[in-house]
Amino acid sequence: TRDRAKIVVSRRLPEPVEARMAALFDVTFNQSDAPLDSTALLSALKGAEVLVSSITDRIDSDFIAQMPAGVKLIAQFGNGFDNINIEAAHAAGVTVTNTPSVLTEDTADMAMALMLCVPRRVTEGARVLLKDGTWPGWSPTWMLGRRLGGKALGIVGLGRIGTAVARRARAFGLSIHYCGRTRKAPQIEESLRATYWASLDKMVEHVDIISLHTPHTRDTVDILSADRMKRLKPGAFVVNISRPELVDEDALADLVASGHLSGAALDVFEHKRGVNPKLLELARADKVMLTPHMGSATLEARIEMGETVIVNIRTFLDGHTPPHRVLPEGRSQL
Ligand code: 8YV
């Protein structure tokens, strides 16, 4: 039998995942809770065969060019892989894998929470009652929000997560609209009673809520541009649980502040810039809901993501194509 493969894991993972990896491989874990910078990560990779990466690692063409030649697999702990230059990895003969599917349902649950929170004033109510202690007592006009049922939901990207959101939204009484590169099979449209729009510009004019479930690629940057958001119906609501680059955050904040949009709920932000101060101010006024990238943050999903990483690594080390290989034409931003 061959020696245990040396793998480097860029971020701390839930304890059961780390224990399982340590039992199977010769693992180097990042001992701190913060990401490693490129220099530290590259030096940790000396003598390694596999890098287990996360969204906070910038694996661009420079990084790949400097990677020790023995590293032949980048196993991303995550569904999205826009932090990795897939073309450069492929050109260097490095396989990339991700962890789709296991986080789909939990991420869709979170999308529904985001959709409900501002219109039904959930956190606002909790704060008033618990923190400010200002409840004047129940009254027929107390904390009136807006109904979700009967509204039209526009889903950008009816993939795994978009579809899981659509199923939930149907149960909440929303009608489903979607757009994306390809139209789904009639059975899928029928089961969701979903209306396809070939043009996002047209769809935005017909929906009350728009929710983004498409990856961050060169083609999707600012897919919700200022112009598109101005075309949304007055009072429309924006949900982003995908990637921050898909939305023009400044324009979104301005359109909420001006009252054209009734609000927004965002789970993702540009990490380096920090959270847009205009959005923070709107969040304090309960017009906007901000959560810190929690879409897949359940213990169950994170353990299953870890198991998926392990299956990808073992299959690769056994000389087979890993089940969740990102295809060379997998579109990435870097
Ligand atoms: C993870 C995510 O938190 O999977 C994704 O694409 O955005 C999140 O589920 C993150 O990617 C971990 O690397």
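Coordinate-derived values only; no laboratory data. Small disclaimer: the values here were computed from a predicted structure and weren't measured. Cβ sites come from the backbone with ideal geometry, for glycine too, and all protein chains shown count toward neighbours.
Worth pointing out:
- Across the chain, the convex hull enclosing all Cα atoms gives 151 Å³ per residue.
- Rg and Dmax, both from the Cα atoms of segment 182-334 and both in Å, are 18.5, 58.
- Estimated dipole of segment 185-284 in Debye, rounded to 20 [Cβ of Lys and Arg +1, of Asp and Glu -1, Cα centre]: 120 debye
- A simple spin-label model places the labels of A171 and A297 2.3 nm from each other, with each point 7 Å out along Cα-to-Cβ.
- Amide N proximity, segment 199-218 versus R183 label position 7 Å along Cα-to-Cβ, cut-off under 17 Å: 199-203
- Segment 79-111 versus segment 1-22: alpha-carbon centroid distance in Å: 19 Å
- Based on Cα contacts under 8 Å between residues 6+ apart, the chain shows a relative contact order of 18 percent.
- The relative contact order of segment 104-290 comes to 19 percent, based on Cα pairs under 8 Å that sit 6 or more residues apart.
- Computed lengthening from L327 to K131, 0.36 nm per intervening residue step minus Cα-Cα distance: 65.6 nm
- Subtracting the Cα-Cα distance of S101 and D318 from 0.36 nm times their residue separation leaves 75.8 nm of extension gain.
- Computed magnitude of the charge dipole of the chain (debye, nearest 20; Cβ of K, R +1, Cβ of D, E -1): 780 debye
- Each part gets one Cα centre, and for segment 126-167 versus segment 261-305 those centres are 15 Å apart.
- At R0 = 56 Å, FRET efficiency that the Cβ-Cβ distance of E18 and S225 yields, to 0.05: 0.85
- Entries in K233/K278; K184/K233; K230/K287; K151/K233; K230/K278; K131/K287 that, when Cα-Cα distance is taken, lie over 20 Å: K233/K278; K184/K233
- Calculated FRET value between L116 and E307, using beta carbons and R₀ = 30 Å, to 0.05: 0.45
- The mean sequence distance of close C-alpha pairs (under 8 Å, at least 6 residues apart), as a share of the length of segment 1-143, puts its relative contact order at 17 percent.
- Within the chain, longest stretch free of exposed trypsin sites (Lys or Arg not before Pro) [DSSP loop, at most 15 other beta carbons within 10 Å]: 47-145
- Mean ellipticity per residue at 222 nm, deg cm²/dmol - from DSSP H runs of n ≥ 4 across the chain, formula -39500 (n - 2.57): -9500 deg cm²/dmol
- GNM flexibility winner over the chain from A92, A23, A108 (Cα, springs under 10 Å): A23
- Exposed loop sites were defined as chymotrypsin sites (Phe, Trp or Tyr not before Pro) in DSSP loop states (anything but H, G, I, E or B) carrying at most 12 other C-beta atoms within 10 Å; in the chain the longest segment without such a site runs 143-334.
- Residues of segment 32-54 with amide N under 16 Å of a point placed 7 Å along Cα→Cβ from D3: 45-50
- FRET E, pair M143, E270, Förster distance 41 Å, beta-carbon r, rounded to 0.05: 0.80
- Longest DSSP-loop-exposure-free segment, GluC sites (Glu not before Pro), the chain, at most 14 other Cβ within 10 Å: 1-269
- Bridges between two residues of the chain, per DSSP, are antiparallel at a rate of about 0%.
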